[in-house]
Structure formats: C-alpha cells, structure tokens
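The values are calculated or read from the model by the stated rules, or taken from the named source; none is laboratory data. If you're wondering where the values come from, they're calculated on a predicted model, not measured in any experiment. Counting neighbours? That spans all protein chains shown, and the Cβs are built from the backbone with ideal geometry, glycine included. The protein model used for the area step is the full one, side chains on, heavy atoms only, and it has no ligands, DNA or RNA in it. Shrake-Rupley method; radii C 1.70, N 1.55, O 1.52, S 1.80 Å.
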Amino acid sequence: MSTKQLQLKVIVLVLLVLGIGSVWYKNQVLGFSLTPEKQETVWTVESKITFDGDNAPAEVVLSMPENRKDMVVMDVRNIAPGYRFNFVNRDGERYGVWKSNGPVQGRQELFLRGTVYRRNGNSGNNVSPVPQEIVVDNESLRKAAVDFVASLDRSGSIRQRAVHLLQALTNPVNQDAVYLLKEAKVFGGKIKLARYLMRKAGLQASSVRGLFLGERSRKQKLKGYIEVADGDKVLLLNPRSAEVEDADKFLVWQYNDKPVLEVIGGSNSSVTFSTLSSKILASRAAVAAGKHSGNFLVDFSIYSLPVSEQNAFKLLLLIPIGALVIVILRNLVGISTSGTFMPILIALVFLHTTLLIGLALFLVVVSVGLILRSYLSHLNLLLVPRISAVLVFVIFIYVAIAVISHKIGLSAGLQITFFPMIIISWTIERMSVLWEEEGPKDVLVQGGGSLLSASLIYLVMQNRYVGHIAYSFPEILLVLLAIIIIIGSYSGYRLTELYRFEPMIKDK
Amino acid sequence: MFTTPSKLRKAGIVGMNWRNVRMIAQYNPRRLYPQVDDKLKTKLLLAKANLSAPELLGVVKTQGNVRELEEFLADCGPFVIKPANGSGGKGILVIAGRDGGKFVKPSGSGIDIAEVRKHASSIISGLYSLGGRSDVAMIEEMVQFSDAFDGFSFQGVPDIRIIVYKGYPVMAMTRLSTRASDGKANLHQGAVGLGIDIGTGRALKAVQNGRPLTHHPDTGKELATFDVPQWNDFVLQASMCYEITTMGYLGVDLVLDKEKGPQILELNARPGLAIQIANDMGLLPRFEVVDAQDGIERTAAERTVFARQQFVA
Ligand SMILES: Nc1ncnc2c1ncn2[C@@H]1O[C@H](COP(=O)(O)OP(=O)(O)O)[C@@H](O)[C@H]1O
Ligand SMILES: [Mg+2]
C-alpha cells in the first residue's frame, strides 16, 4: 500500500519534472514562446549569382553564411534548373556547390534562397573566429603600424577606442595612416589592415563580410565590417564611416579571408543579395532554428512535421486535454455523461461547426433519433442489427437536415456531416436504453451532462493559448498525465456529493 | 443546499472516489471480478461452499440447447430463466407454474414454449448483456417468497442488500419499490431506501428522494415494523461470501424463501453508496471498527457475532 503510493508519487514527480523541465528548456533556451502572439522577424535572403558560360561544364561555389549563436539560417533552397546542387563542407566551413549538367554558354543565373532568423533575446556575444593573422614582412610598414597604434589615445571604453582608431586611420593628416592605407594591399585590403591595427592596439577584432537585413533591399553586395568584442557584446564597426552599426540586423556571411564566390568554367561572375523581412510565429522560427542544431526536443514538436500533417496532429494533441476535462468533470465534479469519451468527439465537431450551431444540430439529430428509435424497441432486435438500424435512421436525419436547411437557406444545417455518424448512433442507442430502463429524467441528466462536458471541452480546445501550448510543447502531455494520475488517486469527495449527502448532515 | 467536505468527513460518509480508490481498487482485485459479475460462476462458487442460493436447474448455452428446452422443462417446478451477465433485472423470466401446455407468469398470464425458447435464445445472443456480448441463460429454481415483507413494496418482493467489509457485515438495507419508481427498486428513481440494523434485522430509517418518511407512500404500511426473520442467517450467509470470493468490499443481495430461508441472489463487487443515505449513517466509522480487527483470525460465525454486537443502533 505505502510502497504503491510511494511509487505513484515518484512517477508523478518524474513526469512533472520531465514535462515542466522540457517546457522550461524549450522556452528559455530554444526560444519557444509560451504565448501565441509573439512574432519574430525573419528575413528571406536571396542570393543571385550571374556569370557568362565559357561553353564548358561550369562549377559554382558559394560560401554559405554560418549559423551563429544569435543568427540562425534555416531552410536554404536552391533554384537553378540545369544544375545539380549540394552542400559541401571544406575545412569546417559550408559551401553551396552547383555543377552544370553539361557545357554552359551565355548568361547564367543561379538563385539561392534562405531564411534567416534572429534568435529571441540572444544577442550575439562572440566575435567571429579569426583566421591566421597576416605576417607583414615589410619593416617600414610594421614600424608605421606600431607608430600609428602608439599615437592613439589608450583611455576610454573599447567602443571609443575602436571608433577612434578607425577615425585616425581615415584622417588624411596622419602620416602613418596615409602610408598604411596606400600599402593596404600588403595586409589584404583596407579592412584587414584595420583589423591588423585593432589587434595591435589590443582589441579583440575580426573582419567579417555580410549584409544588412533591411525590410526590403535589392542587389546588395557583401560588405566588409569589423567586429570588436566589448565585454559580452560585439560591436559592429563600419570601417568606411568609422561608425558603430546595429549588429542585430547584420547577417554575417563570411568571416574567413577566402573568396565568397568561385566560378570554374565561367567569367564575369558576380553575386548580389536581396532581403525581405516578414513576421512569423516565434515557435515556427524556433523550430526551424532548432532543426538545424538537431535538438531532439525540437524534433519532438509537431512543427517538425510536414505542414499537411500538422493539422491532423494538432487535433490529436488536443484530445488528451479533452480527456483531462472529462476526468475532472467525472472525478472531481461528479457529472455523469453518456459514454465516457463521447463528449470529446462532440467537442471536436463543435470545433468545425462552432458551439451554438453544433449544440442545435446535436439536439435535433439526437431527439429525432430517439423518437425513431423508440419504434425499434418493440421489435426486440439484437444489439448489432439494432444499432445498424439506428445508423440508417441517423443517415436519414442527416440528409433531411441538410436538404431542409438548404431549402430554407440555412447553410449551417449542412455542417451536420461533421458529426460522426457512428458516435451519434451509439449515443441515441444508449440514451434510448436509458430512457426505457431509468426514465426520461436520467436521459436529461446524462444528456445534459454530456453536452455540458462537450461544451466545456470545446471552450478549452478552441482556446488559443491552450492550442498553442499543446502544439508547441507536446511534452506538456507528461504534465497532463501526472495530473490525471493525481486525480485518479484522489479519494476525496466530489462536488456533487456535497449536494447528494447534504441531507445526512444534521448540524446545518 | 451544499455541505462542506469536512462535515461529510466528520459524518464518516464514504464518497465515490473513496469507494473506488480506497475500497474497490484495494480490496477487489480485477481478476476476481468474473466470479461475481458472471452469475453462473457465482452460482457454482456458492454451491461448492454450500451457501444457500436458488438451485441451478440447467444452463442454456447454445441454440441447440434451446431446442432441447421443451423436453428439459417438462417436469420442472416453478423456475426462472435469467442471463448470467445481466443486470438491473433485465431479461428475467419468472415462471410460477403450469396450466396445461402454458407457462404461467406470476402475473397470471400464460405463454407457450415457443416464447420461452425465444426468450432463452435472446439471452444467449446477448440481448440483455452488457455491450451485447453473447451470454448464457441460467435456469434456476424460483424462490417461493416469504410473505414477511408483504405490503412493504408497491410491486415485487424486496431483496436485502448487505455490505460485507473484510468479511464483516457492516451495513444493510432494503429497497422498496413505489408507484413513483414505476415498481423499480432504484433509489434515485424514487424507491424507498430502508436501513436495516445489523444487530437486530429491524428497520432503522427510511428515506425517499433523500427525505425521511415513516409510511410507505403507496401501501401506507408503517416502515418501522419492517423486521427480517432469520436475520442471523442473512448476516451469516453474507459474511461467508468473503471466504469464497476473497473480495474485501462486497455487496450481497439476498431474498427470503418461505421454506429454505435466506437465499443469495447475487454478489456485487461495486456496491453503491446510497446505503449510507438509507441508514442515515456513514460507512467510514464501521470500516474503522473492522480495520481495528486486522490480524485477528475469525470464522464467518464469529465475525457475525462481532458485527451484530458492534453495529447495533
Ligand atoms: N430465482 C428467483 N426466483 C424468484 N425471483 C427471482 C429469482 N431470481 C431473480 N428474481 C427476481 O429478479 C430480481 C433481479 O434478480 P437478480 O438476480 O438480482 O438480477 P439482476 O442482476 O438483474 O438484479 C430479484 O430481485 C428478484 O425479484
Ligand atoms: Mg439484483
């Protein structure tokens, strides 16, 4: 007895910890929103590669933006007929590779479309990794760099120092700066020169190439920026204007020094980017993002299913919630229903028909069915033929309701077909047996109880919050299970018993 | 209109959840259910233990058996055909006697063998069983009801329900049909619930629709005069059912035969809670008295003596 109770408590505890824990994890770490409103901005980024074919098989290699902690790239899709496309990894970096199916000639256009999403609340805090720093052989350049850095003001915040360095570098009266800029090629370009100087000045800097994700922008080119670590934040500096830019809207495409685009078997190649922002539900974004990181909790969400399957599963996930309502109504309140889970099925119908129309249709079908069924009673049919006969009646009633309501212009009547005929037939059968055995009062009590339960379940199921939680956090089912187990072992009084046994209480 | 849980607890009233979780789930293991849910199994069990119940005359299991009915019934006394898996009095055909080729019902109307056959046939095809499952028809001796309870019931003869907890009879009642209950012995339909004192077998309180009453609403009989003859036999038979079923929470239904005394009609693994209303008393204090006896080995007779001493108004 006590070991059984202990077992029960342990099971309940484990279920609660698992359920609540994974909801918490998905909410806090994976960015699933607990409320349905929350929307995230996602950007559709399209890269357009153009080149002229050299009448030879072409191979195009485009470096891919990296998933970083804050920015997540999801759903990359390739649109380029006549080419085979796949992703390859080289030295731990990702590239998209197109290979033409044969020799290509003339202007070629390849598109790659991806969706980018900024993970909620997780502003990036890592500077991109830096490839091997350039070694400068030229003695006088090295000297100029050292002098340049030495001339800088070393006080102030990192932000101020970084901005100051870039301003000094573009200052035409700074001799060292002018000389260094002139020889910038040695460093691999102006941006890398700036990065070199920043490091010499003791700043943790790296150069990146990327895009600003505007609301709508076309034909952007990748531009070089400098990232500087500032405590747990990252500053994004525009070396051309010596200003700090909004890192939240910046998509880092590349942070190594290799070319973005390589075309073999073509010339005049270029790549441009267009971006388009849109809002999507936070959970949708979190799922797509999580899919990339291969998190099993995300795979366990129905959003990882094809959209066409999702709707069916949404309904499926609502059913246990209906079951919980039934358990509460039966074991805590004490409402009796005709058929344990019939109200859930009726509630599912109400989801299609809306509550009032659903109730009205149900009442019409069942009462007409009961009248017709009463004629069957005299025939003493066995169960299966009897229920089959009721089924035929039910179909007649459906047709009649549909035809009549159509004739009088009430389209609501056509929704009758949402009611599962077998369930309705069984309901009529059970009600009519109840009528014969216990009388009309019991039919009203049980029928009323069933409809009340169905309506309550409907109200819970169609609630946006409930729906959102059920879809996005299926592991809430574990919590549900725990609650059902707790109620199942609850031995206290039911609400209706407070009424039923009230006459036995003397000292009122 | 509503009371509070603490008041119910103080009155020792057992609620549905308590019954299901603390009584049935704990003391009535599922595997034991068939022996009380199937009246045929119960009958064989009772016969083996020599408990008194209407004697089983035969069982109709197949349509082949149905054809043999006429021959079988040819020299039968008054009998009853009922479904082994029936409930609520459904499908019970009582034949009180013969009138030439006719089978005469207690109401006086006669039917012929074809109708008896049809009835048996309906039973085995599942007309009266739960969920329409196929069933068997039992033919048993008709009880010659004692006239001790005449006038207490609007229709039919009342049966006595005794709750047996861990082998101790703890509470008893009878249900008296009324015009309002349409002759049915169902409390929530308006039958009278009459509590019976375990110690004496006499009427305690009577309620109809939750309200106390002193006289039967239709027959006018004074309910306080209800007094069960051979009461000790009733409680003894009931408590003996514990040994044969090993179920800790059992409802035993008995009727009184003119000559053979108390007869067990059926056992119930999920006895209801209305008995508390009929007795105007909660079951919990009585369970506690019995729980205090845990570890003391007693025979059914000793338990009966104990219970009759303890549970007296
Ligand atoms: N052998 C019998 N002789 C006379 N009446 C009987 C007999 N068996 C059953 N009955 C009558 O039928 C009623 C219901 O019988 P019971 O065995 O309790 O079946 P159920 O499970 O359907 O209640 C009894 O209360 C009694 O009035
Ligand atoms: Mg009975």
Could you tell me whether region B:140-153 includes any residue that is under 26 Å from B:Gln237 (Cα atoms), open to solvent by 70 Å² or more (accessible area, probe 1.4 Å) and within 16 Å of ligand 2 (Cβ to nearest atom)?
yes
Which residues, counting only those in region A:486-508, are of a type in the set (A, V, I, L, M) and at the interface with chain B (Cβ under 7 Å from one of its Cβ atoms)?
A:Leu498, A:Met504, A:Ile505
Per the list (1) at pLDDT 90 or above; (2) open to solvent by 30 Å² or more (accessible area, probe 1.4 Å), residue check on B:Asp75 breaks on (1)
Inside region B:129-163, the number of residues satisfying the requirement of being part of a loop (DSSP other than H, G, I, E, B), more than 14 Å from chain A (Cβ to nearest Cβ) and not polar (S, T, N, Q) is 11
Of the residues in region B:1-57, how many are within 13 Å of chain A (Cβ to nearest Cβ), part of a helix (DSSP H, G or I) and open to solvent by 20 Å² or more (accessible area, probe 1.4 Å)?
14
Of (1) free of Cβ contacts under 8 Å to residues at least 12 places away in the same chain; (2) more than 18 Å from A:Gly358 (Cα to Cα), A:Gly448 satisfies all except one. Which?
(2)
I want to confirm something. Restricting to region B:112-121 and keeping residues that are in contact with a strand residue (DSSP E or B) (Cβ under 9 Å, 6 or more places away or on another chain) and within 11 Å of another protein chain (Cβ to nearest Cβ), which single residue is farthest from ligand 2 (Cβ to nearest atom)?
B:Ser121
Any chance B:Ile162 is outside the structural domain of B:Ala74 (by TED's automatic domain parsing), in contact (Cβ under 8 Å) with a residue 40 or more places away in the chain and in contact with a Pro (Cβ under 6 Å, 6 or more places away or on another chain):
yes
Confirm whether B:Glu222 is open to solvent by 70 Å² or more (accessible area, probe 1.4 Å), of a type in the set (Asp, Glu) and closer than 25 Å to B:Leu46 by Cα.
no
Filtered residues of region A:334-365 (kept if within 14 Å of another protein chain (Cβ to nearest Cβ), open to solvent by 40 Å² or more (accessible area, probe 1.4 Å) and of a type in the set (Val, Ile, Thr))
A:Thr340
Name the residues in region A:389-429 that are more than 21 Å from A:Phe350 (Cβ to Cβ) and of a type in the set (Gly, Ala, Ser), would you?
A:Ala389, A:Ala400, A:Gly409
Given the criteria hydrophobic (A, V, I, L, M, F, W, C) and within 15 Å of ligand 1 (Cβ to nearest atom), does B:Val136 qualify?
yes
Taking region B:90-129 as the region of interest, how many residues are open to solvent by less than 70 Å² (accessible area, probe 1.4 Å) and either polar (S, T, N, Q) or not assigned by TED's automatic domain parsing to the domain that holds B:Cys76 (or both)?
5
All but one of (1) away from ligand 1 (no atom under 16 Å from the Cβ); (2) on the phi > 0 side of the Ramachandran plot; (3) not basic (Lys, Arg) hold for B:Glu115; which doesn't?
(2)
Residue by residue through region B:258-277, note down the ones that are outside any loop (DSSP other than H, G, I, E, B) and away from ligand 2 (no atom under 16 Å from the Cβ).
B:Gly261, B:Gln276, B:Ile277
Going by what's in this entry, would B:Ser121 be described as more than 16 Å from ligand 1 (Cβ to nearest atom) and within 30 Å of B:Val66 (Cβ to Cβ)?
yes
Matching residues in region A:486-502 (open to solvent by 60 Å² or more (accessible area, probe 1.4 Å), in contact with a Gly (Cβ under 7 Å, 6 or more places away or on another chain) and without any contact (Cβ under 8 Å) to a residue 60 or more places away in the chain) number 0
At pLDDT 95 or above, more than 7 Å from chain B (Cβ to nearest Cβ) and open to solvent by 20 Å² or more (accessible area, probe 1.4 Å): which single residue out of A:Ile476, A:Ile483 fits that description?
A:Ile483
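Conditions (1) free of Cβ contacts under 8 Å to residues at least 12 places away in the same chain; (2) within 14 Å of another protein chain (Cβ to nearest Cβ); (3) closer than 14 Å to B:Asp159 by Cβ; (4) part of a loop (DSSP other than H, G, I, E, B), marked per residue:
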residue	(1), (2), (3), (4)
B:Met240	no, no, no, no
B:Leu254	no, no, yes, no
B:Met281	no, yes, no, yes
B:Phe306	no, no, no, no
Which residues, taken from region A:383-401, are at pLDDT below 90 and surrounded by 15 or more Cβ atoms within 10 Å (Cβ to Cβ)?
A:Leu383, A:Arg386, A:Ile387
Taking region A:366-389 and keeping residues in a helix (DSSP H, G or I), within 14 Å of chain B (Cβ to nearest Cβ) and of a type in the set (S, T, N, Q) leaves A:Ser377, A:Ser388
Hey, can you tell me all the residues within region A:179-205 that are over 17 Å from A:Val136 (Cα atoms) and either hydroxyl-bearing (Ser, Thr, Tyr) or surrounded by fewer than 18 Cβ atoms within 10 Å (Cβ to Cβ) (or both)?
A:Gly202, A:Gln204
Report the residue count in region B:181-219 for those that are more than 14 Å from chain A (Cβ to nearest Cβ), without any contact (Cβ under 8 Å) to a residue 40 or more places away in the chain, in a loop (DSSP other than H, G, I, E, B) and open to solvent by 40 Å² or more (accessible area, probe 1.4 Å).
2
Residues of region B:225-239 being β-branched (Val, Ile, Thr) and open to solvent by less than 10 Å² (accessible area, probe 1.4 Å), in sequence order, are B:Val228, B:Val235
Among the residues listed as B:Val80, B:Val60, the single one being within 16 Å of ligand 1 (Cβ to nearest atom), in contact with a strand residue (DSSP E or B) (Cβ under 6 Å, 6 or more places away or on another chain) and within 16 Å of B:Gln263 (Cβ to Cβ):
B:Val80
Filter pass, B:Ala313 being away from chain A (no Cβ under 14 Å), at pLDDT below 95 and either in a loop (DSSP other than H, G, I, E, B) or over 21 Å from B:Pro158 (Cβ atoms) (or both):
yes
